[in-house]
Amino acid sequence: MAAAARKLGVFALSLLLASVLIFAVLNALPGSVAHTILGVDATPEAVAALEARLGLDRPWPVRYVEWMAGMLTGDFGTSPLNGHSVLELIGPGIPVTAWLVGLGIIGSILIALPLGMVAALRRRSWEGVAISAAAELGMAVPVFWGGIILALVFAIELRWLPPNGYVPFTTDAGEWLRHMVLPVGTLALVQAAVLTRYVRSAFIEVLTQDYYRTARALGWTPLRALFRHGVRNAAMSLVTVVGLQLSASLVGAIVVERVFNLHGLGSILIDNVFQRDIAVVQATVMLLVLAVLVINLVVDLSYGLIDPRQRGRR
Amino acid sequence: MPYLARKFLGGESEPLDCWAECGVEEMDHPLKKNRIASLATVALCLALAACQPTPTESGIADSPSAPEKAVLTVGATLEPASMDPFHNTAASIPQVLLYNVYETLVKVDSTGEIRPLLAQNWEVSADRTQYTFFLNPAAKFASGEPVDAAAVVANIERLQADVELTGTLKFQLEVIESAAAIDSQQVVIKLKRPSLMWLYDMSSTLGMIVDPAAGDISNESAGSGPYAVAGHAIGQSVTLAKNESYWGTPGRFDEVVFRYFGDPNAMNASLLGGELDIISNLQAPDALPQFSDTSRFTVTRGTTNGEVVLGLNHQTEALANADVRKALTMAIDRKLLLSTVWNNEGTLIGSMAVPTDPWYEDLSDTVPYDPEAAKALLKEAGYEKGLKLRLRVPVVPYATKAAQVVYSQLRDVGVEATIEELDFDRWVSEVLGEGAYDLTIVAHVEARDLGKFADPTYYLHNDDPTFAQLYAAADAADTEQEAISLMKQACRRLADEAAAIWLWSMPNLVITKAGVTGVEENATTLSFDLSNIAVG
């Protein structure tokens with residue numbers, strides 16, 4: 001399997017390049033975690049002493065190799081701020097972001113697919129125009145504003161749902177669901193607005209194709225023709241877009257996380273950038289890079305599943 | 001990320017043939033429409049079902065076999081990174097721990113007075129260098145061990161031996177010569193010189209008495225207070241549990257949860273949504289109208305130890321000149337600034353003292369607002385053609401907002417300030433550490449911190465021997481009256497010399513749910529003191 005080996009090689013090389021880049025950029029940041037720990041009264045000597053104890057004064061190639069070696073053996077380091085292992089700090093954020101982003105994307109597909117198809121089929125009548133206009137409006141709404149409005153209505157006025165916070169699924173599934181509805185809803189609505197436009201244009205493309213005309217000429221209803229032949233063709237471009245959106249929202253969900261006070265990967269990243277807890281930031285970014293690469297790989301592989309013509313080529 | 005996606009929308013194809021148009025009609029088939037509608041209804045029902053509280057939740061509370069736990073939930077914006085206040089200066093650590101988990105020999109009450117805590121009383125020698133504390137014989141740690149003289153001595157010696165102690169604590173500790181136990185209840189602490197500040201310092205982190213048997217305290221607690229640290233969900237909350245064997249008046253709550261919010265609006269929403277009992281300090285006064293319903297919320301207004309200082313770098317050539325500093329002070333309408341930036345919440349001060357300090361006087365009009373006089377002074381100093389200064393502020397709400405007002409008012413007198421916003425860590429290393437700035441804005445949150453102005457290496461580089469002498473004389477004065485009177489002179493000296501521009505003193509804005517009582521009006525210490533808080 002030469003193709004698979006090549007893919008794996010590209011994957012590994014991307015990760016390696018990303019790690020060098022992450023390390024270089026983060027270590028070029030001004031400021032130091034020693035300042036965070038020692039506070040505003042720290043003398044330069046105290047900062048230097050603490051940096052020496054934390055090993056931050058050693059040359060960067062040494063620290064890079066040490067970091068890489070640690071990661072390969074599953075040791076992501078320890079936070080100098082509180083002595084917790086980096087995995088302990090990032091771990092609880094992974095399910096939060098995974099649920100938020102995963103359910104958000106599924107929600108947005110469930111909203112955008114029917115709306116986009118209707119908008120394509122009826123693009124010259126009022127329904128189509130209304131959907132396009134709503135999507136346009138949805139794209140203009142800032143995520144945080146949408147989240148605040150949803151929280152205001154459903155949590156503060158109606159008191160149906162908690163305004164923010166997170167309860168792990170394993171602790172209480174019912175509470176988990178109650179806490180996830182608003183953030184997932186916010187993310188799903190905002191992404192659905194974007195996705196609806198893609199779905200619409202993808203299906204309009206399908207409607208112009210010969211195979212669709214032939215199917216219609218054979219007496220198939222437009223919906224049947226669309227579902228039988230259209231979905232698979234439109235899916236090619238939609239999978240690409242969903243993959244991109246998924247990658248972007250891994251970090252992009254930070255805004256939703258802030259509004260709903262969820263301690264996901266985005267929040268962990270921002271908090272630790274401000275505290276200059278480089279060990280945590282590096283590990284989080286590496287995790288996100290890994291996730292994005294995996295998503296890209298899955299998207300890549302899914303082309304073959306959707307379109308048999310692609311299989312031979314790769 | 002809509003903007004990312006939008007880039008790809010350019011190539012959208014437009015309708016070309018009539019097939020699609022004709023096909024639309026059949027979509028109107030009633031059955032299909034209904035199917036979509038009913039699907040939507042099902043989805044909505046599912047969503048709503050998820051919203052309703054399940055019946056079992058209320059059932060648990062009513063059942064007599066499981067008495068309801070008394071839980072207090074407090075909202076805050078800054079989360080402590082560690083539970084060890086001796087190696088991390090973050091004010092969020094004593095907010096949770098001081099007096100609630102760790103106790104001190106003496107504590108400062110809401111009016112700024114020093115009161116007994118672990119020490120029932122204390123005696124001061126005539127030369128004010130020797131303090132004898134008489135410990136409360138009932139006092140014991142959560143572990144059951146007594147808080148005796150040996151434990152107090154062990155704590156002071158532990159700090160003295162700790163090379164990694166924070167700079168603030170090292171500085172405060174320096175005055176202590178030695179500590180010795182007379183018997184199990186009596187401790188004598190000798191000072192190198194008389195000091196007004198040290199007993200006050202002992203009421204804060206410096207004086208926290210830790211169980212000598214404890215090991216690493218960065219994730220658990222070993223104190224003698226009414227509560228103990230029960231858990232820290234990083235990024236979310238710190239939970240305190242009642243110390244069942246507390247030696248004094250027991251805590252009123254089985255559990256106290258400090259919940260942390262990265263976004264102040266989320267914190268406000270949580271209180272509005274009924275998930276919080278208290279907002280420990282409102283970070284954005286413009287959110288106050290949300291809590292105007294007095295049947296649901298109470299707003300407690302008081303003072304803190306925070307002075308918002310427009311720092312002037314005395315190493316900048318122009319700012320070494322006291323006349324220029326006075327001119328800049330005259331140029332800024334601090335009344336207008338406070339109402340624009342902080343909704344008029346807070347107190348105008350004119351020097352490095354807050355209303356709860358014993359030596360506080362209202363000095364806010366020492367150098368009054370007068371832009372014409374400012375221009376004249378600048379002209380005299382040789383800057384009639386203008387003056388360019390770098391205003392480098394940390395990205396915190398009060399500083400970035402105030403910077404805008406300062407910028408426009410300075411421009412009115414011909415001073416051109418360029419605003420640079422730095423994230424806090426960068427601000428700490430560049431402005432505070434390297435002194436690379438002309439003007440900056442930051443709140444000094446520590447209690448009784450005017451001594452910083454006596455240190456010419458501090459980022460303000462205020463090299464004023466007259467002030468330094470006054471401050472040293474005040475700290476080492478023979479009587480308290482004399483000390484306070486000297487401290488007043490020191491404060492006036494700072495104001496007269498326009499050593500900095502004091503914009504306002506930060507208010508303490510605590511919002512509580514109706515029924516919550518006993519919140520201290522003034523934040524005189526870094527502690528969020530739970531001892532008088534009750535839900536009734």
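Rule-based calculations on the coordinates, nothing more; no lab input. Everything numeric here is computed off the predicted structure, so don't read it as measured data. Cβ sites come from the backbone with ideal geometry, for glycine too, and all protein chains shown count toward neighbours.
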Exercise for the section: Distance between Cα centroids, segment B:439-490 to segment A:229-285: provide it in whole Å. Expected result: 49 Å
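Quick one: order B:TRP427, A:TRP60 by neighbouring beta-carbon count within 10 Å, fewest to most.
Lowest count first: A:TRP60, B:TRP427.
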Handout entry: 20 Å reach of a label modelled at B:ALA514, 7 Å along Cα-to-Cβ, counting backbone N of segment B:285-317
Key = B:288-301
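Taking a quarter of the surface of the Cα convex hull of segment A:2-90, what do you get in nm²?
Details: hull surface 28.6 nm².
About 7.1 nm², averaged over all directions.
So if R0 is 22 Å, what FRET efficiency would A:VAL141 and B:GLN290 give, r being the distance between their Cβ atoms, rounded to the nearest 0.05? Before the final figure, lay out the partial values.
Numbers: r = 22 Å, r/R0 = 0.99.
Between A:VAL141 and B:GLN290 the formula returns 0.50.
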Handout entry: Cα gyration tensor shape for chain A, rounded if a/c is under 1.5, else prolate or oblate
Key = oblate
Completion exercise
When all Cα-Cα pair distances of chain B are considered, the percent exceeding 46 Å is 26 percent
Practice task
Let me know the volume per residue of the alpha-carbon convex hull for the protein assembly as shown, in Å³.
Solution key: 202 Å³
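Under the definition of partner shielding as Cβ atoms of other protein chains within 10 Å of a residue Cβ, what is the mean value for peptide B:423-431?
Average per residue, whole number: 6.
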Fill in the blank from the handout: Most exposed to least, judged by fewest other Cβ atoms within 10 Å, B:HIS444, B:HIS87 sort to B:HIS87, B:HIS444
Problem - All lysines inside 22 Å of B:LYS388 as judged from Cα atoms, apart from same-chain residues fewer than 8 positions distant - result: B:LYS326, B:LYS375, B:LYS379, B:LYS401
Completion exercise
Dimensionless Rg/Rh of segment B:427-483, both radii on Cα and Rh by Kirkwood, sits at 1.06
Handout entry: Kyte-Doolittle mean at least 1.0, axial Cα span of 27 Å or more - DSSP H helices of chain A
Key = A:2-28, A:93-121, A:231-252, A:278-306
Practice task
Give the peptides A:203-211, B:108-116, A:111-119 in descending order of average Cβ contacts within 10 Å, highest first.
Solution key: A:111-119, A:203-211, B:108-116
Exercise for the section: Quantify how strongly other chains surround peptide A:257-265 by giving the mean number of their Cβ atoms within 10 Å of each of its Cβ atoms. Expected result: 5
Handout entry: Computed P(r) (all Cα pairs; segment B:455-505; 5 Å bins; percent)
Key = 5, 21, 25, 24, 16, 8, 1
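Explain nothing, just the number: dipole magnitude of segment B:419-484 about its Cα centre with +1 on each Lys and Arg Cβ and -1 on each Asp and Glu Cβ, in debye rounded to the nearest 20.
Working: 3 positive and 16 negative charges, 17 e Å.
Value, rounded to 20: 80 debye.
How much of the calculated P(r) for segment A:93-263 lies past 20 Å, in percent of all Cα pairs? List each step's numbers first, then the result.
Numbers: 8116 of 14535 pairs.
Looking at segment A:93-263, the distances longer than 20 Å represent 56 percent of pairs.
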Problem - Paramagnetic label zone (point 7 Å from Cα along Cα-to-C-beta, A:ARG53; backbone N under 20 Å) in segment B:136-165 - result: B:155-165
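Taking the number of other C-beta atoms within 10 Å as the exposure measure, put A:ILE156, A:ILE106 in order starting with the fewest.
On the way: A:ILE156 19, A:ILE106 13.
Lowest count first: A:ILE106, A:ILE156.
Averaging the inverse of every distinct alpha carbon separation and then flipping it gives the Kirkwood radius. What is it for segment B:294-360, in angstrom units?
Result for segment B:294-360, one decimal place: 14.5 Å.
For peptide B:161-172, what's the mean number of Cβ atoms from other chains within 10 Å of each residue's Cβ? Walk me through the numbers before you get to the answer.
Details: counts 0, 0, 2, 6, 2, 6, 9, 5, 1, 3, 2, 0.
Per residue, the number of nearby Cβ atoms from other chains is 3 on average.
What fraction of the DSSP beta bridges in chain B is antiparallel, stated in percent and rounded to the nearest 5? Walk me through the intermediate numbers first.
Working: 52 of 70 bridges.
Among the beta bridges of chain B, antiparallel pairing accounts for roughly 75 percent.
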Problem - Ratio Rg/Rh, restricted to segment A:1-156 and using Cα atoms, in which Rh is the Kirkwood radius - result: 1.15
Completion exercise
Partner aspartates and glutamates whose C-alpha sits under 12 Å from that of A:LYS7, ignoring same-chain residues fewer than 8 away, are A:ASP300
Exercise for the section: Quickly estimate the mean residue ellipticity at 222 nm for the protein assembly as shown, helices only: each DSSP H run with n ≥ 4 gives -39500 (n - 2.57), and the total goes over all residues, rounded to 500. Expected result: -14500 deg cm²/dmol
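Write down the Å³ per residue value for the convex hull defined by the alpha carbon atoms of segment B:149-287. Write out the running numbers ahead of the final one.
Numbers: hull volume 23.4 nm³, N = 139.
Hull volume normalised by residue count: 169 Å³.
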Handout entry: Within chain B, longest stretch clear of exposed trypsin sites (Lys or Arg not before Pro) (DSSP loop, no more than 15 other Cβ within 10 Å)
Key = B:386-536
